[in-house]
C-alpha cells in the first residue's frame with residue numbers, strides 16, 4: 001500500500017452511519033464490534049432507538065452462542081452514539097448512507113453531507129443499484145464518493161461489494177477495502193454500472209423464476225426446490241424475492257431495464273401486478289408464499 005493510501009486508511013477511526021433500519025443498524029454493529037467509534041443517525045428518536053434495540057438483540061444472540069464475550073458486546077454498544085442530527089457527522093472520517101433506494105432522497109442527503117463533513121471525509125453509499133456517479137455529482141467531492149454495498153443480514157454476510165465511481169481516488173478505494181476487511185468482511189471491487197455485479201446477475205435470475213411461474217411451467221415449491229437441490233442454492237429464487245421484498249426486486253429490474261436499455265431486463269408482469277396489490281413478500285405477510 002503506497003503512502004497516500006496508508007494515510008487515508010489511518011484517518012478512519014470514526015464512522016458515521018445514516019439510517020438505523022435493518023441495514024444501517026447492521027453496519028453500525030459490525031463497525032462498533034471492530035473497534036470503530038460510530039455515530040448512527042436517523043430521522044427521529046424512535047427510529048434510532050429501534051436500531052439500537054436491533055443491535056442489542058443481535059449482540060445478545062452472538063454472546064449466547066459463545067461467539068463473543070459479554071464485556072466485548074457492552075464495549076461495542078458503548079462505541080455507538082445515537083443522534084437525529086446529521087451535523088453530528090462533522091467529525092467522521094467515513095460516512096456510510098443506508099437510507100431507502102430513492103434517487104432524489106440520496107442526492108439531497110449527499111449534497112447535505114458534503115456541506116457538513118470535512119473535505120477529506122469519505123462518503124459511501126450502501127445503494128444496491130443506484131449510480132455512484134449520479135450520487136457523487138450531487139457533491140463537490142466526487143473523488144471521495146464510493147459504493148459500499150453490504151449484504152443482508154450485515155453481521156452474518158461476508159461480502160461488501162465496493163463500487164468505484166468514475167472519479168473515485170485509488171486511495172479512497174484502498175481505505176474502504178481496508179475498513180471492510182477490518183470488519184471481517186471480504187471486499188470485492190467492481191465499477192459503476194446498473195445493478196453492479198450482485199444485482200445485475202441476481203435479479204434477472206429472480207425475474208426469470210417469476211416468468212417461469214407466470215407461464216405455468218411449475219409451482220413455486222418446485223421452482224425453488226429445483227434451484228436448491230439441483231443448483232445447490234441455499235434458498236430458492238421466489239423465496240429469496242419474498243425475503244428481499246418484491247418492491248425492491250421490481251425497482252432493481254427497472255434500474256437494469258432503463259440503465260442497460262435491453263428488453264431482457266423488463267420486469268415480469270406478474271412481479272408488477274403483485275407489487276401493485278401490495279404483495280411484497282415477508283414484510284407484507286404475503287408474496288409467493290404466506291408468512
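Restricting the first member to the stretch 69-94 and to residues that are outside the structural domain of residue 175 (by TED's automatic domain parsing), and the second to residues that are at pLDDT 95 or above and outside any loop (DSSP other than H, G, I, E, B), no beta-carbon pair is closer than 9 Å while six or more apart or on different chains. Scanning the stretch 163-206 for residues being surrounded by fewer than 17 Cβ atoms within 10 Å (Cβ to Cβ) and assigned to a strand (DSSP E or B) gives a total of 5. The condition (being outside the structural domain of residue 148 (by TED's automatic domain parsing), in contact with a strand residue (DSSP E or B) (Cβ under 8 Å, 6 or more places away or on another chain) and touching a residue at least 24 places away in the same chain (Cβ under 8 Å)) is satisfied by just one residue among 252, 244, 206, 210: 244. State which residue is surrounded by the most Cβ atoms within 10 Å (Cβ to Cβ) when the search covers only the stretch 86-101 and only residues that are assigned to a helix (DSSP H, G or I) and either modelled with pLDDT under 95 or touching a strand residue (DSSP E or B) at 6+ places or on another chain (Cβ under 6 Å) (or both). Of everything passing the filter in the stretch 86-101, 89 is surrounded by the most Cβ atoms within 10 Å (Cβ to Cβ).
Confirm whether residue 40 is at pLDDT 95 or above and assigned to a helix (DSSP H, G or I). When the stated conditions are applied, residue 40 does not pass them. Screening the stretch 148-162 for residues that are in contact with a strand residue (DSSP E or B) (Cβ under 8 Å, 6 or more places away or on another chain) and not in a strand (DSSP E or B) and picking the one that is farthest from residue 185 (Cα to Cα) gives 151.
Return yes when residue 114 is out of contact with any strand residue (DSSP E or B) (no Cβ under 9 Å at 6 or more places or on another chain) and in contact (Cβ under 8 Å) with a residue 12 or more places away in the chain and no when it is not. No: the conditions fail for residue 114. Scanning the stretch 261-282 for residues that are touching a residue at least 40 places away in the same chain (Cβ under 8 Å) and more than 23 Å from the chain's Cα centre (by Cα) yields 264, 268, 269, 270. Scan the stretch 47-61 and give yes if some residue there is in a strand (DSSP E or B) and over 18 Å from the mean Cα position of the chain (by Cα), otherwise no. Within the stretch 47-61, not a single residue is in a strand (DSSP E or B) and over 18 Å from the mean Cα position of the chain (by Cα). Tallying residues that are over 23 Å from residue 199 (Cα atoms) and touching a strand residue (DSSP E or B) at 6+ places or on another chain (Cβ under 9 Å) within the stretch 138-147 yields 4.
The values are calculated or read from the model by the stated rules, or taken from the named source; none is laboratory data. Fair warning: this is a prediction, and the values are worked out from it, not measured in the lab. Glycine gets a Cβ as well: all are built from the backbone with ideal geometry, and neighbour counts include every protein chain shown.
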